[in-house]
Amino acid sequence: MGDLKGKTALVTGSSRGIGRAIAQRLAQDGALVAVHYGSNDTAAKETAESITGAGGQAVVIGAELGIPGDAEALFAAFDAELAAYGAEPGLDILVNNAALNFPGRIDQVTPEEFDRTLAVNTKAPLFIAQHGLRRMRDGGRIINVSSAVTSTAHPSQIAYSIAKGGLDTLTLALAKELGDRGITVNTLAPGWVETDVTAVRRSTPEGRAALAAYSVFNRIGKPADIADAAAFLASDDSRWITGQRIDVTGGSLL
Ligand code: NAP
């Protein structure tokens with residue numbers, strides 16, 4: 001696609017995993033990318049260096065999500081880093097990707113884990129969108145990274161599933177709200193992907209095979225599989241698509 005020259009993107013949780021791949025892909029397509037992390041600044045710098053090493057543009061911003069004032073802190077860092085970089089203020093593409101997961105069933109989940117999951121996975125994206133929209137130029141893009149767990153029942157991840165369900169609903173509401181600004185809002189819903197989150201499950205041949213068997217292609221998703229779909233949603237090619245939840249599971253739910 002390569003049509004994001006002059007655009008500025010913010011990808012939350014792009015120090016590692018799927019977020020890193022999305023940041024790299026958007027930068028490859030020409031965007032200046034703000035690489036966000038929560039605590040792993042070393043990994044975030046590695047993401048940024050991989051982008052600049054390939055001739056792209058990146059700044060790094062740190063902000064813990066899920067605590068009071070998180071969105072304000074994130075955008076204070078975003079504004080400051082853009083200014084220090086000499087870039088125009090403003091935002092074109094917001095990717096709400098950062099998330100955490102405390103697996104647990106109804107008899108295991110604690111109020112603290114539930115609150116933390118909702119705070120990071122649902123509340124933070126909402127208020128990041130609120131603050132991001134004050135900076136977003138017309139014709140912008142919001143991409144929320146949800147999960148296949150909102151398509152079918154996943155009782156072993158009840159808090160995470162509820163939180164991602166809320167994120168899907170945020171997509172719907174914002175898409176309706178922002179049409180008059182030409183801003184599209186869509187959800188990407190991955191299945192199993194090769195990131196730190198799935199490292200333990202992938203650590204044995206049997207575990208790898210079990211995850212691969214979910215997809216009709218009999219392999220585990222790669223971060224780039226998700227990033228390529230994000231690049232489409234970030235591009236002008238997706239201008240007539242909004243309020244949608246796009247399954248990026250390699251056919252795992254067929
Ligand atoms: P990951 O490898 O665990 O990376 C998580 C990213 O989010 C990191 O950059 C991390 O920052 C950041 N983050 C987490 N909690 C944070 C907090 N409280 N404050 C600030 N940043 C925080 O995750 P992933 O597997 O790439 O997942 C990315 C997205 O895809 C998530 O929304 C996830 O729910 C979704 N997803 C993943 C899978 C899968 O199989 N991997 C499947 C379906 C959906 P630090 O590096 O600083 O910790």
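Please treat every number below as a calculation from the coordinates, not as lab data. Note that the coordinates shown come from a computational prediction; the quantities given were computed from them, not determined experimentally. No Cβ is skipped: glycine too gets one built from the backbone with ideal geometry, and neighbour counts run over all protein chains shown.
Numbers for the structure displayed
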read-out: The range 1-152: relative contact order in percent, alpha carbon pairs under 8 Å with at least 6 residues between; value: 23
read-out: Relative exposure of 85, 160, judged by other C-beta atoms within 10 Å (fewest first); value: 85, 160
read-out: Relative contact order of the range 117-254, defined on C-alpha pairs under 8 angstrom at six or more residues apart (%); value: 29
read-out: Sparse-neighbour loop sites [GluC sites (Glu not before Pro); the range 21-125; at most 15 other C-beta within 10 Å; DSSP]; value: 64
read-out: Gyration tensor verdict on the range 96-194 (Cα atoms; rounded if a/c is under 1.5, prolate if a/b is larger than b/c, oblate otherwise); value: prolate
read-out: Net charge over other residues, Cβ less than 10 angstrom from the Cβ of residue 70 (K, R count +1; D, E count -1); value: -1
read-out: Estimated dipole of the range 103-217 in Debye, rounded to 20 [Cβ of Lys and Arg +1, of Asp and Glu -1, Cα centre]; value: 360
read-out: Stretchable slack from residue 176 to residue 209, in nm (0.36 nm times residue separation minus alpha-carbon distance); value: 7.8 nm
read-out: For the range 75-116 and the range 229-244, distance of Cα centres in Å; value: 21
read-out: For the chain, built as a Gaussian network whose Cα springs stay under 10 Å, the top-fluctuating residue of 207, 221, 19; value: 207
read-out: Relative contact order (percent, whole number), the chain, Cα cutoff 8 Å, 6+ residue spacing; value: 20
read-out: Cross-link reach list, lysines versus residue 123, counting only Cα pairs under 28 Å and skipping chain neighbours closer than eight places; value: 7, 45, 164, 176, 222
read-out: Choice from 114, 217, 75 with maximal GNM fluctuation in the chain (Cα, 10 Å cutoff); value: 217
read-out: Dipole magnitude of the chain, debye to nearest 20 (Cβ charges: Lys/Arg +1, Asp/Glu -1, about Cα centre); value: 400
read-out: Within the range 149-254: Cβ-based charge dipole about Cα centre, in debye rounded to nearest 20 (Lys, Arg +1; Asp, Glu -1); value: 220
read-out: Cα-based convex hull volume of the range 64-144 per residue, rounded to whole Å³; value: 91
read-out: GNM top mover of 180, 92, 228 - the chain, alpha-carbon springs below 10 Å; value: 180
read-out: Summed residue charge, Cβ within 11 Å of residue 44's Cβ, Lys/Arg positive, Asp/Glu negative; value: 0
read-out: P(r), alpha carbons of the range 205-249 - 10 Å bins starting at zero, rounded %; value: 23, 41, 24, 11, 1
read-out: Within-12-Å neighbourhood charge of residue 169 [Cβ basis; K, R +1; D, E -1]; value: +2
read-out: Cα-derived Rg over Rh, computed across the range 1-121 with Rh taken as Kirkwood radius; value: 1.03
read-out: Partners for residue 5 among aspartates and glutamates (Cα-Cα distance below 14 Å; same-chain residues under 8 apart left out); value: 29, 88, 92, 236
read-out: Spin-label model distance (nm) - residue 224 vs residue 46, 7 Å beyond Cα toward Cβ; value: 1.7
read-out: Taking 239, 20 and counting other C-beta atoms within 10 Å, the order from fewest to most; value: 239, 20
read-out: Cβ-based exposure ranking for 214, 37, in which fewest neighbours within 10 Å come first; value: 214, 37
read-out: Cα-based Kirkwood hydrodynamic radius, the chain, one decimal, Å; value: 18.2
read-out: Three-way shape label, the range 161-230, alpha-carbon gyration tensor, a/c 1.5; value: prolate
